[in-house]
Amino acid sequence: MRILFAVFALFCQFSALLAQADFALFTRYDQLRVSPSRDSLAFRCVILDEAQPESPQLRVLLFTRKNDQPVCLNPQPERFVVSEDAKYLLFSAPTGLYLMTLNAIPRVGQVAFRQIGSQWEFEKFGFLLSGKRIFFKIKGGKNSDGSYYFRKPELAGPARPVFWLNLKKENKPHPGAAFQLPLFEIGKYSNISNGRQRSFFGFVRDSLSQFPGDYFLILKEKNSERILLSDCRPRLLAPNADSSQILVSVFHKNKNKNYLFERGTQKLILFSDKLIVSVSWLGRDKFIYLTESGLFLHSVSGGKTTRLSDWRFPNWYSIDLQIPKYKIEIKVDGKKFDEKAFFNALHKLGFSDKLISEQNQTKTIRNFHLGGFVSQSEALSAGEKLRHFGYNFHIERIHDIYNFFSNPGGEEQQPFDDGYAKIQYRKKQFRESRIIYVDRAGNFEILVPPMNSANSQ
């Protein structure tokens, strides 16, 4: 019997590995933009996940000649820590590690870039020497050699730029303890109790409930006891330094709910219904918290919440970060079709960066799809412009967004340096996008390579 269980366990592990290997991340580059000085490129990077085909992620990447890696301008925070002096915040994202200042006008810098689809991750990161240095360590992949990377937490320049920070690599463990504020994470909570004052605040399991996950949120003080919440499942409990304010996160009545408890008034006030992943208090009155929507700073006394991950871009970017819902279908006579005139018309109308795919091509009919468009009115306006060039159109709703972005599309081109930059699409065993530079002599180099997890698989 034990042998059968062992074989079954190995089979489950092997099946899980196979299932994981079947799914891959692909990236598609589009909406290529060039700076007025022609030394920087910005573009949209669409991340397509086979495991979640209905939810593509849209990132804006910047490439300059000064850096050998792109810089992500709208990273999605996953984990964060705050320096002990509350001046800096360090957070990891699927695209890298980032340092943010916590002054009146926050600034952010990319410490290290992580290629999308890479097999490594940030195992550890934080602040050392009273916040005078930052460190991180990599886990997995060829970079996992036990090394620590260090950098002074310094940023300069105007508000909200993204800087590349030079790093120092040391092949030794980091010295001393980390200097950062306490971080409270989902699923890792501790009740607050004081034996001398006979006080208690926290979760107690409901022994009479038929569901093992049901708890009470209880406040005990001396000889009194109050049930603040019942039939709830604990998520997070985060007190400030003197426990005068406590953030409580629970799953209650089929919803995520977050409450603020004030010791003075002993009131439990509903704060938000977002799933809070982690929290760090900045003194008694303010705290930073992370949700799937980003990083936020909340002032208890002021009742004000500020989004820290409110990324803003220069005007020359003009990159659309909305998921398209509509596309235009254009059917033309294959025998009379002038391909050069067609693409010239798209260029004149400003549709060069719109996805152009050809489907069901025959000798007599050529069928193009142009998009995407966020609204039906936007698609209609584009179609009417095409009608003036003699092309009839039909508006269709995009039902499969993964398949829509998987089409190769038109190859965009922009002037760059003394030549031009161009997005190329290729499909071998899997989909690829890359950005190349072509000089006046026709020589080319790869500026931004493909980023696919399929490369490593």
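Structure data summary
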{"quantity": "Residue match in region 279-287 (condition: open to solvent by 40 Å² or more (accessible area, probe 1.4 Å), basic (Lys, Arg), within 23 Å of residue 85 (Cβ to Cβ) and in a loop (DSSP other than H, G, I, E, B))", "calculated": "yes"}
{"quantity": "Single unsatisfied condition, residue 291 versus (1) modelled with pLDDT of 85 or more; (2) in contact with a Phe, Trp or Tyr (Cβ under 7 Å, 6 or more places away or on another chain); (3) not aliphatic (A, V, I, L, M)", "calculated": "(2)"}
{"quantity": "Test: residue 217 is closer than 24 Å to residue 264 by Cα and modelled with pLDDT of 70 or more", "calculated": "yes"}
{"quantity": "Which numbered condition residue 318 misses (of (1) over 23 Å from residue 81 (Cβ atoms); (2) open to solvent by less than 60 Å² (accessible area, probe 1.4 Å); (3) modelled with pLDDT under 90)", "calculated": "(2)"}
{"quantity": "Subset tally (residues that are open to solvent by 50 Å² or more (accessible area, probe 1.4 Å) and in contact with a strand residue (DSSP E or B) (Cβ under 7 Å, 6 or more places away or on another chain)) for region 255-265", "calculated": "1"}
{"quantity": "All positions within region 251-260 that are hydrophobic (A, V, I, L, M, F, W, C) and modelled with pLDDT of 95 or more", "calculated": "260"}
{"quantity": "Residue ID - modelled with the highest pLDDT, chosen from residues in region 336-376 that are of a type in the set (Ser, Thr, Tyr) and within 20 Å of residue 400 (Cα to Cα)", "calculated": "375"}
{"quantity": "Residue selected from region 325-358 under the condition out of contact with any Asp or Glu (no Cβ under 9 Å at 6 or more places or on another chain), under 23 Å from residue 435 (Cβ atoms) and part of a loop (DSSP other than H, G, I, E, B), by the criterion least open to solvent (accessible area, probe 1.4 Å)", "calculated": "351"}
{"quantity": "Subset of region 426-444 [within 24 Å of residue 354 (Cβ to Cβ), without any contact (Cβ under 8 Å) to a residue 40 or more places away in the chain and aromatic (Phe, Trp, Tyr)]", "calculated": "437"}
{"quantity": "Tally, over region 267-290, of residues that are over 21 Å from the mean Cα position of the chain (by Cα) and among the hydroxyl-bearing types (Ser, Thr, Tyr)", "calculated": "1"}
{"quantity": "Of residues in region 435-452 being β-branched (Val, Ile, Thr) and surrounded by 13 or more Cβ atoms within 10 Å (Cβ to Cβ), the one farthest from the chain's Cα centre (by Cα)", "calculated": "438"}
{"quantity": "Enumerated strands (runs of 3 or more DSSP E) restricted to region 41-110, each holding at least 1 residues that are hydroxyl-bearing (Ser, Thr, Tyr) and either open to solvent by 50 Å² or more (accessible area, probe 1.4 Å) or in contact with a Lys or Arg (Cβ under 9 Å, 6 or more places away or on another chain) (or both)", "calculated": "88-93, 96-101"}
{"quantity": "Lone unmet requirement of (1) at pLDDT 90 or above; (2) of a type outside the set (Val, Ile, Thr); (3) open to solvent by 30 Å² or more (accessible area, probe 1.4 Å); (4) more than 30 Å from residue 406 (Cβ to Cβ) for residue 33", "calculated": "(4)"}
{"quantity": "Restricting region 120-137 to residues that are at pLDDT below 85 and out of contact with any Lys or Arg (no Cβ under 9 Å at 6 or more places or on another chain), the residue that is least open to solvent (accessible area, probe 1.4 Å)", "calculated": "128"}
{"quantity": "Condition met for residue 316 (over 21 Å from the mean Cα position of the chain (by Cα) and in a loop (DSSP other than H, G, I, E, B))", "calculated": "yes"}
{"quantity": "Of residues in region 288-304 being polar (S, T, N, Q) and more than 16 Å from residue 236 (Cβ to Cβ), the one most open to solvent (accessible area, probe 1.4 Å)", "calculated": "301"}
{"quantity": "Any hit, region 234-248, residues being without any contact (Cβ under 8 Å) to a residue 24 or more places away in the chain and not hydroxyl-bearing (Ser, Thr, Tyr)", "calculated": "no"}
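The values are calculated or read from the model by the stated rules, or taken from the named source; none is laboratory data. For clarity, every value in this text was computed on a predicted model and none was experimentally measured. Cβ: placed from backbone, ideal geometry, glycine included. Neighbour counts: every protein chain shown. Side chains are part of the model used for accessible areas, which takes the heavy atoms of the whole protein and leaves out ligands, DNA and RNA. Shrake-Rupley method; radii C 1.70, N 1.55, O 1.52, S 1.80 Å.
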